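The structure appears right after this line, and notes come after that.
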Amino acid sequence: MNIHEELKEVRRKLFKEIDNVDSSMLLYEVQYKIAIEIINSENSYKKTFNEEYKDHANLLRNYADTFVWLMLNPYIIRELYDKNKSPRLITGMENEFLYILAQARKYAENGRMVIISTITNCINTTDLVICDNPSKPLLITCRKDETSTKEDIDYVDLYKIPNKLIKNKYFNKVYKESDKEYSWKQVNKVVNNAIKLGSDFEIVDDGDVMWSFKYQSSMPEMPGEIINKIGSYRTIVIGCNLRAIEETELLIAPPSCWPIDFECKFALMEGDIVIMHYIDADCFKDVNDSHCVIKEVICDERTLREDCFVVESNGERKILSSMFLNNVVYGYSTISSMANLICETVKK
């Protein structure tokens, strides 16, 4: 087994543990293992300059992001990420990090669901996040005066809470009030078939096509049915699982927390399998009600504006975020359910 395969097997085992976390101590323990593995990889890279170790450390942070997306509201995650901050090497802050780990363990032992932000990509503005409430987390910055043993984060009451992670319930938990529909069965099908057969696709709706395939340095030839279908799209938007892994600043939930089979999630996280998602954004305009009309989806050179939906309701025009479209492209909501949610949002 070469170094690439050895490190991949380490990630597989850690992801198995991530996928089975159901208590505060198990949550802490798997994060501790990820942290130690990141430190070892950073040290190995400094000694050998082997890119496998650098990639391994980066991928481990992607897996650690799983907990962030499982346990926090997406709006909160956006508040906790600063795009102007670069990730810090843990090996450059070892004493500080050991203190952070000690504090995290204290909270975990008292039943608190704690995320160690330092090992993630998508939280870089605080050290620890207590996730008892996905919409109102407790943020903790750990500081240690080396001349004193006083810990300035003890203002938090430490009491036992019977809090458990509900596996693969992220989307239901965060969006439970909107009763959205998803295409996860189709995602699971095409990815499973890509693993077994090499590729598969699904035409979910008139403006919604997904295509999955084994990735071997380049894309295979696109099936003719997909070419014909997306050729008729008015405003095409394309999503790819690799963006969720490689472009942290997009703040997209990684495949590791999608409600699909373990082997499918792992293949997508490792980049062995790719899933492309082709959406006709103009189809949002086809779903309206008597009090709300989606008039326009603003797109420049296939790039959506940050506020891309022009909506009219009761004679008033409003501009809404592209997040609604991202929930389709990367969150696999159906277009109709998201269009209805836009109308509900405007009417509130």
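Kindly list the number of the only condition in (1) open to solvent by less than 20 Å² (accessible area, probe 1.4 Å); (2) closer than 21 Å to Thr66 by Cβ that fails for Ser313.
Result: Ser313 fails condition (2) only.
Which of the following residues is among the small types (Gly, Ala, Ser), buried (at least 17 other Cβ atoms within 10 Å of the Cβ) and out of contact with any Asp or Glu (no Cβ under 6 Å at 6 or more places or on another chain): Ser44, Ser23?
Details: Ser23 fails: buried (at least 17 other Cβ atoms within 10 Å of the Cβ).
Checking each option against the conditions leaves just Ser44.
Restricting to the stretch 332-347, name every residue that is within 16 Å of Gln186 (Cβ to Cβ) and either open to solvent by 30 Å² or more (accessible area, probe 1.4 Å) or over 22 Å from the mean Cα position of the chain (by Cα) (or both).
Listed by number, the list holds a single entry, Ser336.
Based on what the data block shows, is Thr149 at pLDDT below 95, surrounded by 13 or more Cβ atoms within 10 Å (Cβ to Cβ) and among the polar types (S, T, N, Q)?
On the way: at pLDDT below 95: yes; surrounded by 13 or more Cβ atoms within 10 Å (Cβ to Cβ): no; among the polar types (S, T, N, Q): yes.
So Thr149 fails the test.
Pull out all pairs, ordered by first then second residue, where Cβ-Cβ is under 9 Å, the residues are six or more apart or on different chains, the first lies in the stretch 76-90 and is touching a residue at least 12 places away in the same chain (Cβ under 8 Å), and the second is part of a helix (DSSP H, G or I) and of a type in the set (S, T, N, Q).
Matching pairs, first to second residue: Leu80/Ser117; Tyr81/Thr248; Lys83/Thr248; Pro87/Asn58; Pro87/Thr248; Arg88/Thr118; Ile90/Thr118.
Look through Ile238, Ile252, Ile279, Ile294 and report the one residue that is surrounded by fewer than 18 Cβ atoms within 10 Å (Cβ to Cβ) and under 24 Å from Ile342 (Cα atoms).
Working: Ile252 fails: surrounded by fewer than 18 Cβ atoms within 10 Å (Cβ to Cβ); Ile279 fails: surrounded by fewer than 18 Cβ atoms within 10 Å (Cβ to Cβ); Ile294 fails: surrounded by fewer than 18 Cβ atoms within 10 Å (Cβ to Cβ).
Selected residue: Ile238, the only one of Ile238, Ile252, Ile279, Ile294 that is surrounded by fewer than 18 Cβ atoms within 10 Å (Cβ to Cβ) and under 24 Å from Ile342 (Cα atoms).
Starting from the stretch 92-103, take each residue that is under 15 Å from Asn43 (Cα atoms) and open to solvent by 10 Å² or more (accessible area, probe 1.4 Å) and list its partners that are part of a helix (DSSP H, G or I) and of a type in the set (Asp, Glu), counting only C-beta distances under 9 angstrom and pairs at least six apart or across chains.
Listed by first residue and then by second, the contacts come to Gly92/Glu42.
Sort out which residues of the stretch 324-348 are aromatic (Phe, Trp, Tyr) and assigned to a helix (DSSP H, G or I), and write them in order of number.
Step one: list which residues in the stretch 324-348 are aromatic (Phe, Trp, Tyr), which gives 324, 330, 332.
Scanning the stretch 324-348 gives a single hit, Phe324.
Quick check on this structure: which one of Leu98, Leu70, Leu60 is hydrophobic (A, V, I, L, M, F, W, C), out of contact with any strand residue (DSSP E or B) (no Cβ under 9 Å at 6 or more places or on another chain), more than 23 Å from Arg11 (Cβ to Cβ) and in a helix (DSSP H, G or I)? So that I can check it myself, show each step before the final result.
Working: Leu70 fails: more than 23 Å from Arg11 (Cβ to Cβ); Leu60 fails: more than 23 Å from Arg11 (Cβ to Cβ).
The match here is Leu98.
Does at least one position in the stretch 246-257 carry a residue that is touching a helix residue (DSSP H, G or I) at 6+ places or on another chain (Cβ under 7 Å) and of a type in the set (D, E, K, R)? Steps first, please.
Our first condition is that a residue be touching a helix residue (DSSP H, G or I) at 6+ places or on another chain (Cβ under 7 Å); within the stretch 246-257, this holds for 250-257.
From what's left, of a type in the set (D, E, K, R): none.
For the stretch 246-257, residues touching a helix residue (DSSP H, G or I) at 6+ places or on another chain (Cβ under 7 Å) and of a type in the set (D, E, K, R): absent.
Looking for something modelled with pLDDT of 85 or more, surrounded by fewer than 15 Cβ atoms within 10 Å (Cβ to Cβ) and within 20 Å of the chain's Cα centre (by Cα) - is there at least one such residue anywhere in the stretch 110-125? Break it down stepwise before answering.
Pass one, the stretch 110-125, residues modelled with pLDDT of 85 or more: 110-125.
This time we only want the ones that are surrounded by fewer than 15 Cβ atoms within 10 Å (Cβ to Cβ), so: 125.
Filter again for within 20 Å of the chain's Cα centre (by Cα), leaving 125.
So far as the stretch 110-125 goes, yes, one or more of its residues are modelled with pLDDT of 85 or more, surrounded by fewer than 15 Cβ atoms within 10 Å (Cβ to Cβ) and within 20 Å of the chain's Cα centre (by Cα).
The values are calculated or read from the model by the stated rules, or taken from the named source; none is laboratory data. What you see is a predicted model; the values in this text were computed from it and never measured. When we count neighbours, we look across all protein chains shown, and the Cβ atoms used for this are built from the backbone with ideal geometry, even at glycine. Surface accessibility is based on the protein's heavy atoms, side chains included, excluding ligands, DNA and RNA. Shrake-Rupley method; radii C 1.70, N 1.55, O 1.52, S 1.80 Å.
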